[in-house]
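For reference, the structure discussed in these notes is given below.
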Amino acid sequence: EEKNHLNRVWHPLDPWPDAVEGLTRLKESYIIAPLSNGNVALLVNMAKKAGLPWDLILSAELVHHYKPDPETYLMAPELLDLSPGAVMMVAAHPDDLHAARENGLRTAYVPRPLEFGPGKEPEPPDPSFDLVAGDFIELERMLAG
(Lines give C-alpha, C1' and ligand atoms only; values in the text may rest on other atoms or scores of the structure.)
Protein backbone atom coordinates (compact mmCIF):
# COMPACT_ATOMS: atom_id res chain seq x y z
CA GLU A 1 0.00 0.00 0.00
CA GLU A 2 2.82 2.42 0.88
CA LYS A 3 4.70 1.62 -2.34
CA ASN A 4 1.54 2.21 -4.37
CA HIS A 5 1.03 5.56 -2.63
CA LEU A 6 4.63 6.62 -3.34
CA ASN A 7 4.30 5.60 -7.00
CA ARG A 8 1.21 7.78 -7.36
CA VAL A 9 2.52 10.89 -5.57
CA TRP A 10 3.22 12.53 -8.96
CA HIS A 11 -0.34 12.13 -10.24
CA PRO A 12 -2.02 15.09 -8.47
CA LEU A 13 0.74 17.70 -8.91
CA ASP A 14 -0.24 21.32 -9.46
CA PRO A 15 1.01 22.84 -12.73
CA TRP A 16 3.49 25.69 -12.98
CA PRO A 17 1.50 28.98 -12.76
CA ASP A 18 1.92 29.78 -16.48
CA ALA A 19 1.32 26.25 -17.79
CA VAL A 20 -2.41 26.20 -18.55
CA GLU A 21 -2.54 29.69 -20.07
CA GLY A 22 0.71 29.25 -21.99
CA LEU A 23 -0.19 25.81 -23.33
CA THR A 24 -3.65 27.02 -24.30
CA ARG A 25 -2.08 29.84 -26.31
CA LEU A 26 0.47 27.50 -27.91
CA LYS A 27 -2.30 25.05 -28.80
CA GLU A 28 -3.93 27.67 -31.04
CA SER A 29 -1.04 27.33 -33.51
CA TYR A 30 0.77 24.12 -32.62
CA ILE A 31 0.18 20.51 -31.65
CA ILE A 32 1.16 20.20 -28.01
CA ALA A 33 1.97 17.03 -26.09
CA PRO A 34 4.14 15.90 -23.23
CA LEU A 35 7.05 13.65 -24.16
CA SER A 36 7.74 11.94 -20.88
CA ASN A 37 9.29 8.88 -19.34
CA GLY A 38 6.18 8.88 -17.15
CA ASN A 39 3.52 6.35 -18.07
CA VAL A 40 0.30 7.21 -19.87
CA ALA A 41 -1.84 6.86 -16.72
CA LEU A 42 0.35 9.38 -14.88
CA LEU A 43 0.20 11.88 -17.74
CA VAL A 44 -3.58 11.52 -18.11
CA ASN A 45 -4.08 12.03 -14.37
CA MET A 46 -1.79 15.05 -14.34
CA ALA A 47 -3.67 16.59 -17.28
CA LYS A 48 -7.08 16.01 -15.69
CA LYS A 49 -6.03 17.40 -12.31
CA ALA A 50 -4.27 20.45 -13.70
CA GLY A 51 -6.47 21.18 -16.74
CA LEU A 52 -3.54 20.78 -19.14
CA PRO A 53 -4.84 21.15 -22.72
CA TRP A 54 -2.62 18.59 -24.46
CA ASP A 55 -3.62 17.41 -27.92
CA LEU A 56 -2.20 13.97 -27.25
CA ILE A 57 0.04 12.18 -24.79
CA LEU A 58 3.41 10.81 -25.82
CA SER A 59 4.90 8.50 -23.24
CA ALA A 60 8.12 6.53 -23.54
CA GLU A 61 5.92 3.63 -22.51
CA LEU A 62 4.50 3.62 -26.06
CA VAL A 63 7.84 2.76 -27.68
CA HIS A 64 9.30 0.70 -24.81
CA HIS A 65 12.35 2.95 -24.74
CA TYR A 66 13.14 5.71 -22.27
CA LYS A 67 14.88 9.02 -22.60
CA PRO A 68 17.58 9.55 -23.70
CA ASP A 69 17.08 6.68 -26.18
CA PRO A 70 16.59 8.06 -29.72
CA GLU A 71 13.38 6.05 -30.21
CA THR A 72 11.69 8.15 -27.54
CA TYR A 73 12.49 11.50 -29.18
CA LEU A 74 11.75 10.25 -32.69
CA MET A 75 8.32 8.96 -31.64
CA ALA A 76 6.74 12.43 -31.93
CA PRO A 77 7.74 13.18 -35.53
CA GLU A 78 7.00 9.61 -36.58
CA LEU A 79 3.49 9.50 -35.09
CA LEU A 80 2.65 12.98 -36.36
CA ASP A 81 4.11 12.41 -39.84
CA LEU A 82 6.55 15.28 -39.45
CA SER A 83 10.25 15.63 -39.98
CA PRO A 84 12.25 15.81 -36.72
CA GLY A 85 13.16 19.42 -37.54
CA ALA A 86 9.45 20.33 -37.53
CA VAL A 87 9.14 19.27 -33.88
CA MET A 88 10.30 21.33 -30.91
CA MET A 89 11.14 19.82 -27.54
CA VAL A 90 10.41 22.27 -24.74
CA ALA A 91 11.94 21.39 -21.41
CA ALA A 92 13.40 22.64 -18.14
CA HIS A 93 16.14 20.01 -18.32
CA PRO A 94 19.12 20.80 -20.53
CA ASP A 95 20.14 17.15 -20.80
CA ASP A 96 16.71 16.36 -22.28
CA LEU A 97 17.14 19.17 -24.80
CA HIS A 98 20.64 18.02 -25.77
CA ALA A 99 19.31 14.52 -26.51
CA ALA A 100 16.38 15.94 -28.50
CA ARG A 101 18.75 18.13 -30.53
CA GLU A 102 21.01 15.13 -31.22
CA ASN A 103 17.97 13.47 -32.79
CA GLY A 104 17.16 16.44 -35.04
CA LEU A 105 14.45 18.14 -32.97
CA ARG A 106 14.43 21.87 -32.34
CA THR A 107 14.77 22.95 -28.72
CA ALA A 108 13.37 25.52 -26.31
CA TYR A 109 14.63 25.87 -22.76
CA VAL A 110 12.21 27.07 -20.10
CA PRO A 111 14.14 27.05 -16.81
CA ARG A 112 11.92 26.55 -13.77
CA PRO A 113 12.68 27.93 -10.33
CA LEU A 114 12.89 25.18 -7.72
CA GLU A 115 12.90 22.46 -10.41
CA PHE A 116 15.94 20.94 -8.74
CA GLY A 117 14.99 21.92 -5.17
CA PRO A 118 15.43 24.95 -2.91
CA GLY A 119 18.76 26.73 -3.19
CA LYS A 120 19.60 25.21 -6.56
CA GLU A 121 19.57 27.53 -9.53
CA PRO A 122 18.45 26.30 -12.96
CA GLU A 123 21.29 25.48 -15.33
CA PRO A 124 22.27 28.35 -17.62
CA PRO A 125 21.00 28.02 -21.19
CA ASP A 126 23.20 26.37 -23.76
CA PRO A 127 23.77 28.61 -26.80
CA SER A 128 22.81 25.66 -29.02
CA PHE A 129 19.17 25.85 -27.84
CA ASP A 130 16.91 27.41 -30.46
CA LEU A 131 14.93 29.43 -27.91
CA VAL A 132 15.12 30.34 -24.24
CA ALA A 133 11.98 31.63 -22.54
CA GLY A 134 11.06 32.52 -18.97
CA ASP A 135 7.77 30.63 -19.18
CA PHE A 136 5.27 29.18 -21.66
CA ILE A 137 3.53 32.54 -22.18
CA GLU A 138 6.80 34.14 -23.22
CA LEU A 139 7.58 31.13 -25.42
CA GLU A 140 4.27 31.53 -27.26
CA ARG A 141 5.00 35.24 -27.82
CA MET A 142 8.46 34.40 -29.17
CA LEU A 143 7.07 31.81 -31.58
CA ALA A 144 4.26 34.13 -32.71
CA GLY A 145 6.59 37.07 -33.15
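Do you know which residues across the range 89-127 are of a type in the set (A, V, I, L, M, F, W, C) and surrounded by fewer than 18 Cβ atoms within 10 Å (Cβ to Cβ)?
Within the range 89-127, ALA92, LEU114, PHE116 meet the criteria.
Yes or no, residue by residue, for (1) touching a helix residue (DSSP H, G or I) at 6+ places or on another chain (Cβ under 9 Å); (2) farther than 17 Å from ALA100 by Cα; (3) of a type in the set (S, T, N, Q):
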site	(1), (2), (3)
PRO17	no, yes, no
GLU21	yes, yes, no
GLU28	yes, yes, no
PRO34	yes, no, no
SER59	yes, no, yes
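Can you work out which of the residues in the range 84-109 that are touching a Pro at 6+ places or on another chain (Cβ under 9 Å) and part of a loop (DSSP other than H, G, I, E, B) is farthest from TYR73 (Cα to Cα)?
ALA92
Only one residue in ASP14, ASP18 is under 26 Å from ARG141 (Cα atoms) and open to solvent by 70 Å² or more (accessible area, probe 1.4 Å). Which one?
Being under 26 Å from ARG141 (Cα atoms) and open to solvent by 70 Å² or more (accessible area, probe 1.4 Å) holds for just one of ASP14, ASP18, which is ASP14.
Could you check, for the range 76-99, whether at least one of its residues is of a type in the set (Asp, Glu), touching a helix residue (DSSP H, G or I) at 6+ places or on another chain (Cβ under 6 Å) and touching a residue at least 24 places away in the same chain (Cβ under 8 Å)?
Among the residues of the range 76-99, not one is of a type in the set (Asp, Glu), touching a helix residue (DSSP H, G or I) at 6+ places or on another chain (Cβ under 6 Å) and touching a residue at least 24 places away in the same chain (Cβ under 8 Å), which makes the answer no.
Quick one: in the range 22-38, which of the residues that are over 15 Å from the mean Cα position of the chain (by Cα) and in contact (Cβ under 8 Å) with a residue 24 or more places away in the chain is most open to solvent (accessible area, probe 1.4 Å)?
This residue is SER29.
Does any residue of the range 138-145 turn out to be assigned to a loop (DSSP other than H, G, I, E, B), free of Cβ contacts under 8 Å to residues at least 24 places away in the same chain, more than 15 Å from the chain's Cα centre (by Cα) and surrounded by 13 or more Cβ atoms within 10 Å (Cβ to Cβ)?
For the range 138-145, residues assigned to a loop (DSSP other than H, G, I, E, B), free of Cβ contacts under 8 Å to residues at least 24 places away in the same chain, more than 15 Å from the chain's Cα centre (by Cα) and surrounded by 13 or more Cβ atoms within 10 Å (Cβ to Cβ): absent.
So LYS49 passes all but one of these: (1) open to solvent by 80 Å² or more (accessible area, probe 1.4 Å); (2) modelled with pLDDT under 95; (3) within 21 Å of LEU13 (Cβ to Cβ); (4) part of a loop (DSSP other than H, G, I, E, B). Which condition number does it fail?
The failed condition is (4).
I want to confirm something. Restricting to the range 63-74 and keeping residues that are over 15 Å from ALA91 (Cα atoms) and touching a Ser or Thr at 6+ places or on another chain (Cβ under 9 Å), which single residue is most open to solvent (accessible area, probe 1.4 Å)?
TYR66
The values are calculated or read from the model by the stated rules, or taken from the named source; none is laboratory data. Predicted model, so just to flag it, every value in this text is computed and none were measured. Reconstructed Cβ throughout: ideal geometry from the backbone, glycine too, with neighbour counts over all protein chains shown. The accessibility values were calculated without ligands, DNA or RNA, using every heavy atom of the protein model including side chains. Shrake-Rupley method; radii C 1.70, N 1.55, O 1.52, S 1.80 Å.
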